[in-house]
Amino acid sequence: MSKIKITNINMVNGLNTLAVLAGAKLPIKISYAVKKNIEIIARELKTYDDEKAILIDRFGQKDEEGNLKTEGNKCFIDDVEGFNKEITELNNIENEVDFYDISLDSLLNSNVELTTVELTSIEFLLK
């Protein structure tokens, strides 16, 4: 395990790639580390998700009954500039988190193919 300083947005991006890896056939050590890191990130992002929901509620357009106006997974923002400023600040908050290391050599020798973007998103876990 390694203690790492990481921003909220980097955890969000890393979680997406870890979800891809969780669905792949991997060596047991990598599989274990992937699953443990998913649990750790999900726990860390709980507060992030709560705060993001507060921002969406604060800046989101409301209907006559005070409910957020949505269309599918999309909501409409009244003050886009204000929302973007706040969400950027939230995204850039640093956390100090213990993660399970993933062997880069083992990952490269597995049957998993990752894009450069995916590999970069979990770079903080690779040793």
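Each value in this text was obtained by applying a stated rule to the coordinates, not by laboratory testing. Computed from a predicted model, the values in this text were never measured in an experiment. Cβ placement follows ideal geometry from the backbone for every residue including glycine, while neighbour counts extend to all protein chains displayed.
Brief remarks follow.
- Search result, residues across the stretch 53-99 that are among the aliphatic types (A, V, I, L, M), in a strand (DSSP E or B) and over 17 Å from the mean Cα position of the chain (by Cα): L68, I77
- Cβ-Cβ distances below 6 Å connect the following pairs, each with a first residue in the stretch 16-27 that is touching a residue at least 40 places away in the same chain (Cβ under 8 Å), a second residue that is assigned to a helix (DSSP H, G or I), and a separation of six or more residues or different chains: T17/E118; T17/S121; L18/V34; L18/N37; L18/I38; L21/V34; P27/S106.
- Subset of the stretch 1-23 [surrounded by 15 or more Cβ atoms within 10 Å (Cβ to Cβ) and over 22 Å from E94 (Cα atoms)]: V20, L21
- Condition met for N91 (surrounded by 13 or more Cβ atoms within 10 Å (Cβ to Cβ) and under 22 Å from T115 (Cα atoms)): no
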